[in-house]
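The values are calculated or read from the model by the stated rules, or taken from the named source; none is laboratory data. Computed from a predicted structure; not experimentally measured. Here the Cβ positions follow ideal geometry from the backbone for every residue, glycine too, while neighbour counts run over all protein chains shown. With ligands, DNA and RNA removed, areas are computed over all heavy atoms of the protein, side chains included. Shrake-Rupley method; radii C 1.70, N 1.55, O 1.52, S 1.80 Å.
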Amino acid sequence: MLIIPGGAIVQHSLKVKHSLKHVLGRQSASCLPPKPLIWLHAMVVWGLVGFLVGGLSSRPAIAQPAAPAPETAPSPVPSPTVPSPTVKPETPVVPVPTAKRILGQWLTKEPLDGDTVLVVFAPAGKLYIISGTTASGNAIANQFQYRIDDKPQPMYLDVILADTTKVETLFEFTAAGDLRVQMLGTRPGKPRPNALADNATVFQKISDDTTPPPGTDLKPPIAPMK
């Protein structure tokens, strides 16, 4: 380590300072251009600055990111088409023939004395009229023949009592399915009534059975009219 006295340090510092100033002065002088070239140098520098400024100003603008497109509402999803229920065609109601509809057991009360009367229409034109009882208490069935004609309205009913005897009358079916027969005012050999009166006898069907009830006493059939 070199130790220098304080006075020597000051002198040495001054020498170093003087030497640096001399060197820097020489370098500055050598860096300056000659006077005739000063304006050219200034113009070059000014042109360079102008080029930089112009270049910066003429640079294309930085493209900004495009704004996102507005969201569109999703298209509504169509509702599934529900097939309409299949409507089955109604089966046409075939009317029951009168000859079949009249078959069975029909019950009423006699309009005069109120006794119960059971009438049974059977196939092959057989008719059973059951009223009264025997001494033993059995019901009595009188067997006759019958014919119907469903073309006229009201329809025709003929009850055949003997070879040459018959009762001509009228009948119809009500909306409730009952059987209306004109009995009052009719008798064998008398002309057929022109219409059903308000006092026509109403029979209610109690069974489709075409035979008399068990225990009924049958009277011999009357021979039909030829």
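Quick look at the numbers
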quantity: Within the stretch 160-183, tally of residues that are of a type in the set (A, V, I, L, M) and either more than 56 Å from the chain's Cα centre (by Cα) or farther than 27 Å from Lys219 by Cβ (or both); calculated: 6
quantity: Matching residues in the stretch 180-214 - criterion: being surrounded by 13 or more Cβ atoms within 10 Å (Cβ to Cβ), in a loop (DSSP other than H, G, I, E, B) and of a type in the set (S, T, N, Q); calculated: Gln182, Thr186, Thr210, Thr211
quantity: So Ile148, is it open to solvent by 50 Å² or more (accessible area, probe 1.4 Å), touching a Phe, Trp or Tyr at 6+ places or on another chain (Cβ under 7 Å) and either free of Cβ contacts under 8 Å to residues at least 12 places away in the same chain or not charged (D, E, K, R) (or both); calculated: yes
quantity: Check on Ala135, exposed (fewer than 13 other Cβ atoms within 10 Å of the Cβ) and under 15 Å from Thr210 (Cβ atoms); calculated: no
quantity: Residue that is modelled with the lowest pLDDT, among those in the stretch 56-111 that are among the charged types (D, E, K, R), in a loop (DSSP other than H, G, I, E, B) and open to solvent by 100 Å² or more (accessible area, probe 1.4 Å); calculated: Arg59
quantity: Hey, Lys126 within 20 Å of Leu196 (Cβ to Cβ), open to solvent by 20 Å² or more (accessible area, probe 1.4 Å) and either over 56 Å from the mean Cα position of the chain (by Cα) or among the charged types (D, E, K, R) (or both) or not; calculated: no
